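J.: Sending over a structure as structure tokens; questions will come in a sec.
The values are calculated or read from the model by the stated rules, or taken from the named source; none is laboratory data. All values reported here derive from a predicted model rather than from experimental measurement. Cβ: placed from backbone, ideal geometry, glycine included. Neighbour counts: every protein chain shown. These area figures cover heavy atoms from the full protein model, side chains too; ligands, DNA and RNA do not enter into them. Shrake-Rupley method; radii C 1.70, N 1.55, O 1.52, S 1.80 Å.
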Amino acid sequence: MTGAQPEAAPVTVLVLAGGESRRFGADKLSAGLRGTTVLDHLLSSLPPEWRVVAVGAPRETSRPVEWTREEPPGGGPLAGVAAGLELVTSDVLAVVAGDMPYAAAGLVDLVAALHDQPPTVGGVVGTDGDGVANPLLAAYRTAAVRGVLPHTAHGRPAKTLLGIPHARLALRGDVTRDVDTRTDLEDLR
């Protein structure tokens with residue numbers, strides 16, 4: 001059929017893959033974890049029909065990823081969300097930090113919970129075992145994210161996303177854990 005537009009993916013996953021890994025001492029996303037890298041462990045666990053946009057320096061990955069960067073680089077996670085959002089065409093956006101190798105199952109639960117919410121709820125944010133909300137482990141309605149981003153996101157806190165009317169979903173276990181230090185990585189192994 002000529003002129004037909006490809007159907008948009010039901011969900012776009014925005015993976016924040018920038019940062020300097022200062023506490024880790026090297027590129028933590030390229031660190032080995034169970035026969036692959038921290039980043040690839042996350043990517044390979046995501047539903048295959050979900051489109052992936054990653055913000056950071058491009059890396060070789062096990063699945064197709066569209067790469068972009070915030071301008072200027074180093075603007076923090078909210079600037080990364082703003083940069084990645086420019087490539088998002090789906091109505092639902094899952095946001096995750098690239099150093100959360102076991103987060104995929106949580107993202108699936110968050111997206112499912114968002115689908116159960118009324119349209120006035122713009123997101124479902126994951127909470128850890130202590131009830132702390134993580135705006136970088138969440139599912140959002142793309143329009144809600146566009147509506148809350150400041151004109152300049154560079155240097156602004158990721159908690160800005162918590163200004164979106166949202167529900168919270170308790171996530172347990174390794175789903176909420178990230179790799180900041182080599183000890184964190186050893187604990188996940």
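J.: Go through (i) 36, 19, 17; (ii) 21, 18, 17; (iii) 24, 19, 18 and flag the label whose value is the computed semi-axes √(5λ) of the Cα gyration tensor in Å for this structure.
T.: Comparing each candidate, only (iii) matches the computed number.
J.: Next question, about the same structure. Can you give me the accessible area per residue for the chain, using a 1.4 Å probe, in Å²?
T.: On a per-residue basis, 49 Å².
J.: With point charges of +1 on the Cβ of Lys and Arg and -1 on the Cβ of Asp and Glu, referenced to the Cα centre of the chain, which listed residue (Val53, Gly106, Pro119) lies farthest in the positive direction of the dipole?
T.: Pro119
J.: Sticking with this structure for a sec: Within the chain, what percent of beta bridges assigned by DSSP are antiparallel, to the nearest 5?
T.: Given both bridge residues lie in the chain, the antiparallel proportion sits at roughly 40 percent.
J.: Here's a follow-up. Which order, highest average first, do 65-77, 99-111, 32-44 follow once you tally other Cβ atoms within 10 Å for each residue and take the mean per peptide?
T.: Ranking, from highest mean packing down: 99-111, 32-44, 65-77.
J.: For segment 47-86, list residues with backbone N below 12 Å from a point placed 7 Å from the Cα of Arg146 toward its Cβ?
T.: 85-86
J.: Can you find, among Leu85, Leu33, Gly74, the residue sitting farthest towards the positive end of the charge dipole of the chain, where Lys and Arg contribute +1 and Asp and Glu -1 at Cβ?
T.: So the residue we want is Gly74.
J.: Also, quick follow-up: Roughly to the nearest percent, how much of the accessible area of the chain is carbon and sulfur, given a 1.4 Å probe?
T.: Carbon and sulfur atoms account for 51 percent of the accessible area of the chain.
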